[in-house]
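The values are calculated or read from the model by the stated rules, or taken from the named source; none is laboratory data. For clarity, every value in this text was computed on a predicted model and none was experimentally measured. Ideal geometry is used to build each Cβ from the backbone, glycine not excepted, and the neighbour counts take in all protein chains shown. Each accessible area value is taken on the protein alone, full model and side chains, heavy atoms only, with ligands, DNA and RNA left out. Shrake-Rupley method; radii C 1.70, N 1.55, O 1.52, S 1.80 Å.
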Amino acid sequence: MSNQEEILAALKEAVVEYEEDDCAEAAQRALDEGVDPMIAVMDGLAAGMEEVGVLFDTNEYFVPEVLMCADALYKGLDILRPHITLDDDSPKASVVIGSIQGDVHDIGKNLVKMMFDVAGWDVHDLGRDVPLESFVEKQLDVNSDVLAMSAMMTTTMMGMKKVIAMVKEKNPECLIMLGGAPVTRDVANLFGADGYAESAGNAVSEGIKMIGRLREFQKGDIK
Amino acid sequence: MAQETVNVIFQPSGRRGEVPKGCNIIEASRLLGCDIEALCGETKVCGKCIVRIEDGHFEKYNIQSSMDHVTPWQEEVEAKFINPENREKGFRLGCVAKIEDDILVFVPEESRAGKQVVSKAARDIHIDFNPTIKLYTIELKKPDFEDKTGDWERMTNGLAREYGLTDLTIDIMTLRTLPGALRAKNWTVTVSVWNDKEVIRIQPGKVTHTYGIAIDVGTTTCAGYLCDLTTMEVIGTSSMMNPQCKYGEDVMARITFHMTTPGGLKRMSDDIIEGINSLIDKAITLTHPKKKKIKKKKGEEGPVEYKEIIEEGVEYLRINKEDIEDVTIGFNTAMHHILLGLDPEPVGLAPFPPVIHHSLDIKARDLGIDINASSYIFAMPNEAGFVGGDNVGVLLAEEPYKSDEIQLIIDIGTNGELILGNRHKLYSSSCATGPAMEGAQLAFGMRAAPGAIERIEIDPDTQDVDYRVIGHDKSRKFSKPEEMKVKGICGSGILDVLAELYRASVITKTGVFNKKFLKDNPRFRKNADTGQPEFILAYKEDSSIGKDIVITQKDVRQIQLAKGALYAGCKLMMKRMGIEKVDTVKIAGAFGTHVDREKALVMGLFPDCEIENIHGVGNAAGDGCRAALLNKKKRDEANWCARNVQYLELTVEPTFEKDFMEAMQMPHMTDKFPHLEGVVPDHVLNQGPKGPVKPEVKS
């Protein structure tokens, strides 16, 4: 096994086994040994998180384990990210994210946010119980590429429709993603959203699945 | 060619699935494991299998159900058992109606084989006697030319003179009965006065008893306690599933149904009112002798007649609907709003404000509740968020605001409600436990009825399972397999199972099946269809449904979510109060009386506490509702409680996420449980994140 492969495997394992210290150590080694930090993030940390998603789907892992894995991932990410150099020609992608007004659940939203962090996006996290207008204002203000909203209760889900209408009216270019336990593809279509994070009835696996899709995206598999 | 199938859903059991098109409802119920009474073996003569086909679109199941989706009405068979009014409502005989297209079937309590065990029984708690309805018997002089005062003034003058009652008012419905009542028994009447203010009933002659009913409307189950308002005695209890269950399992789903379906609120409101009327009916029927249909001679026509079967030595009170003069209702805020037809939408959105906090006195007839015409319903006040009058009921029954010791009261239902504090400070909060602990959403979850596993013990050495089922008095160890007739697992069994799986090392503290340890254990396997790991609680030969009864990894996770939410709630409240431990833990809820306190602590339902100080207090919400029925001071106390208990919105507490996460493990990820030492083996209690390691036995 080459040095790089070994380090990527160590990063992956540290995330899966939720060992924060091991993760930080492996990230530092990646830098010391000259591994491209972007590769370390995507094929090390994010790949590990993808495996966590599989474990979660088969009920091997549960919410606490997943959150601890996320903690480990952030330990590594904090070390690697400052060293990722971006092409000046391609401006950094940005996202406005938050849990919708009336909803105070944000475990799922934070996992989705993690996915954008991993990808090196500019993340504008509005937090939870975000007034509908604030989504619109922030989106117009920073002109983000993506607006991501989450609702964990069926009652609050209805507010997303209003936000989509308001944003699309002023800025039809913005891509809108919805997520959360009660959100289905039908709902997303009905509300006029562009994307929908497939959910296995739980925001956690959904957030993780999006990481997988993002990795494909970064590799140029999907456009 | 593949056989055509249709979707069938049975309510309230929630059993659902596909069945071959053209089979009748009884056959479908057997296929899907929902038992309908069929004494005659489908020969269409017993009339026991009456069910109702629901009409309309049901978002939750995504099906369109209609009476036209079954074969047409058979007048000669069905008219004997179902009157035209009920036929209109969609009632049919299960053995007659064959299924042609998707349907949602409601199985009324009477038609269910294996009646639910009423676990919401009334408990003996101390209540001061001071009912809202008081009876005054008065003898009046009949009018003559000397004194030609009107009937009402004549009576109120008498009541003022004899009992010092002044400023009385009267409801029009009662006033209409006044002249007749006065003259029926020679100007002696018994007057029912509500709150020393309003005359709500006038009966001829001397009457010594009057009745009321306290109703606890839960998201999933409802219970009624029929009480004698003059002796405080509980005469009868009745219970039923909340008929709104078909619109969604939890309060959020019900509120969403209202938001997405035009007329949804009215449908749900009408359903629960109809339910309450049948609950009252059921309770008063118990005070009458049983009835038997009189057999008709061949060819004899005419309406069905009944004869009473009077048991010797039994005194029948024969209470009628008109004799119910007072009703108190306790419910969570969402149930409150829906029953009263108040818009529940705002209460479903943070910060969850209710339409009203204060209690309400509403004329029963305005709600369509069929009791004495002029009587009032007392709707318990709401606290905040989803914490409503049911939690106020728990407070009234347990009175932590009168105690010095710090009590933690956990009311387990579809929504978990928590109270923490003592006479100096009280907090309340609620958490979404979901229906898992009541048996819903688990692979073999069921309600507490015969065939339900209610107690479980797992041998820590062999991982062998011993259990008890409702309806059979000996445990598995002392029975033959065929005696067990297991069908599933109910609430109290579910509380046991997590603790026992953990204690016996079948699962690790994180909740995952302990594969390394179980290895080739025959009870542990991967489900052939789903690939999910599962553990067999009862083998096929013990079961009456021809299947192994298992608990799956997903089931374990569901229970963990519920228990984690409760534990996190307790902990956040303790943090807010600045305390490390509580003096007493009380567990309320439908199975509060059945809970095994040691196992509740082992699974980590709440933070560490001395096992002796953990108590099951049964359906405290219902008891509190009964207290408000029998003692009007309790109604003032209820309003005081509702506004003086500080409500804590758990999910916005800064450490909620972390606390919730840590609390999902058994008994907790990091918190210490000194009181479990000796109860749980050391190597299990102090296991690392990778599971218990059994110490080597030195030879």
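Miscellaneous remarks
- Amide hydrogen neighbours beyond the local backbone of B:Gly445, cut-off 5 Å, H modeled: B:Ile489
- Distance between the C-alpha centres of region B:575-618 and region B:226-244: 28 Å, rounded to the whole angstrom.
- Split the accessible area of region A:3-83 by element, probe 1.4 Å, and carbon with sulfur accounts for 46%.
- Per DSSP, loop GluC sites (Glu not before Pro) in region A:136-194 with at most 16 further Cβ within 10 Å: A:Glu173
- Using θ = phi - 60° and Karplus 6.51 cos²θ - 1.76 cosθ + 1.60, couplings along region A:131-137 (whole Hz; Gly, Pro as x): x, 3, 5, 5, 4, 5, 4
- For the listed peptides B:596-602, B:409-415, a ranking on the average number of other beta carbons within 10 Å per residue, highest first, reads B:409-415, B:596-602.
- Distance from region A:96-138 to region B:430-493 (C-alpha centre basis), Å: 43
- For region A:3-83, the solvent-accessible area works out to 41 Å² per residue, with a probe of 1.4 Å and every protein chain left in place.
- The mean number of partner chain beta-carbon atoms within 10 angstrom of a residue's beta-carbon across peptide B:256-263 is 2.
- Coupling constants for region B:10-18 follow from the phi torsions by the Karplus curve (6.51 cos²θ - 1.76 cosθ + 1.60, θ = phi - 60°), and in residue order they are 9, 10, x, 5, x, 5, 8, x, 9 Hz; glycine and proline get x.
- Per residue of A:63-70, other chain Cβ atoms within 10 Å of the residue Cβ number 5 on average.
- Computed E for B:Asp68/B:Glu312 - FRET, C-beta separation, R0 45 angstrom, nearest 0.05: 0.35
- Amide H within-cut-off set for A:Gln101, under 5 Å, with H built and near neighbours excluded: A:Val130, A:Leu132
- Rounded to the nearest 100, the interface formed by chains A and B buries 2300 square angstrom of accessible surface, both chains summed, with a 1.4 Å probe.
- Chain B: C-alpha gyration tensor shape, a/c 1.5 cut-off, then a/b vs b/c: oblate
- Chymotrypsin sites (Phe, Trp or Tyr not before Pro) lying in DSSP loop within region A:1-105, provided at most 14 other Cβ fall within 10 Å: none
- The mean count of C-beta atoms from other chains within 10 Å of the C-beta of residues in B:146-159, rounded to a whole number, is 0.
- Converting phi to 3J(HN,Hα) with the Karplus coefficients 6.51, -1.76 and 1.60 and the offset θ = phi - 60°, region B:417-424 yields 10, 10, 10, 9, x, 8, 4, 8 Hz in sequence order, with x at every glycine or proline.
- Region B:155-202: chymotrypsin sites (Phe, Trp or Tyr not before Pro) in DSSP loop, at most 11 other beta carbons within 10 Å: none
- Partners of B:Lys197 within straight-line reach, counting lysines whose Cα lies under 16 Å from its Cα and excluding those fewer than 8 residues away in the same chain: B:Lys134, B:Lys363, B:Lys632, B:Lys633.
- Helix runs (DSSP H) in chain B reaching 18 Å along axis by Cα, Kyte-Doolittle at least -0.5: B:264-285, B:491-503, B:553-577
- Rounded percent of accessible protein surface that carbon and sulfur make up, chain B, 1.4 Å probe: 50
- Ranked by the mean number of other Cβ atoms within 10 Å per residue, highest first, peptides B:254-260, B:683-689, B:315-321 order as B:254-260, B:683-689, B:315-321.
- Subset of A:Lys138/B:Lys563; B:Lys487/B:Lys554; A:Lys109/A:Lys162 violating a 26 Å alpha-carbon distance limit: A:Lys138/B:Lys563
- Measuring r between the beta carbons of B:Lys141 and B:Asp361 and using R0 = 30 Å, the FRET efficiency lands at 0.30.
- Chain B - accessible surface per residue (Å², probe 1.4 Å): 43
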